[in-house]
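See structure below.
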Amino acid sequence: MNFKRLYLIIVLFLITPFSLNSEENVLSQSDKVFSVYSGMFDFSDDGKRSTLIGFQHQNENLNRDTFLGNLSPITGALITADNAGYIYTGVQAQYKIGKLHITPSFTPGLYHEGDGKDLGHILEFKSEVQISLDIFKDSELGFSYNHISNASLGDKNPGANSYMFNFFKSF
């Protein structure tokens, strides 16, 4: 799948209004949602592929129902086995269809390559889509795919494609 198609899919998820009431849109009635995830950073580049681990926070008190769906701010960080790191903050949309959650997000952030891949600039943008499933009360398991790119701000823009397995817990 090329990147233009992926971005089109993400944009369609963001602009397609779902007719769910606000009580169904939120992950739970808890105030905070924490996510830990692990996966493969830049799986499409054999030379710079690396495992990653990350953490993300969402404060549901800041959720807003809009014509784009239920939007909320998120903040997080990831680090790779090659000591590359990315700290980000941005927005995600939440769509709940029964026990299935579809969550596209966009998060600008600061990237440090460490011994990992040089993405061309300190300012990078992460576009992501997560699919998760309610498993227990206040918990979800999910899978996500993202692309990190500097939008040609730097001299080069190789980008990085990653996939992760996610665990969400509401407190």
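What follows draws every value from the coordinates through simple rules; no lab data is involved. Quantities reported herein were computed from a predicted structural model and do not represent experimental measurements. When we count neighbours, we look across all protein chains shown, and the Cβ atoms used for this are built from the backbone with ideal geometry, even at glycine.
Full extension from L100 to K156: what is 0.36 nm times the residue separation minus their Cα-Cα distance, to one decimal in nm?
On the way: separation 56, 0.36 × 56 = 20.16 nm, distance 3.78 nm.
Working it through step by step, the gained length comes to 16.4 nm.
Restricting to lysines 8 or more places apart or on different chains, can you count the pairs in region 60-152 with Cα atoms under 25 Å from each other? If you can, show how the numbers build up before the last one.
Working: K96/K126; K96/K137; K99/K137; K117/K126.
Going through region 60-152 pair by pair, I get 4.
Once you charge only the Cβ atoms, +1 for Lys and Arg and -1 for Asp and Glu, what is the size of the charge dipole of region 59-171 about its Cα centre, to the nearest 20 debye? Let's see the in-between values first.
On the way: 8 positive and 12 negative charges, 72 e Å.
Taking the Cα centre of region 59-171 as origin, the dipole is about 340 debye.
Grab the other residues whose beta carbon is less than 15 angstrom from that of G76, score K and R as +1, D and E as -1, and report the net.
On the way: positive: K32, K126, K169; negative: E124, E128.
Charge balance near G76 sits at +1.
Hey, can you grab everything whose amide H is under 5 Å from the amide H of A84? Only 5+ residues off in sequence or another chain; H modelled, so Pro and N-termini drop out.
For A84, whose amide H was placed from the backbone, the distant partners under 5 Å are D115, G116.
Order 78-90, 111-123 from most to least packed using the mean count of other Cβ atoms within 10 Å.
Details: 78-90: 19.1, 111-123: 17.2.
The densest-packed peptide leads the list: 78-90, 111-123.
May I ask you to compute the full-extension gain from I53 to D138, defined as 0.36 nm times their residue separation minus their alpha-carbon distance, rounded to one decimal in nm?
Details: separation 85, 0.36 × 85 = 30.60 nm, distance 2.17 nm.
This chain segment gains 28.4 nm when fully extended.
What percent do you get for the relative contact order of region 33-84 when only Cα pairs under 8 Å and 6+ apart count?
On the way: 83 pairs, mean separation 17.6, N = 52.
Worked out over region 33-84, it gives 34 percent.
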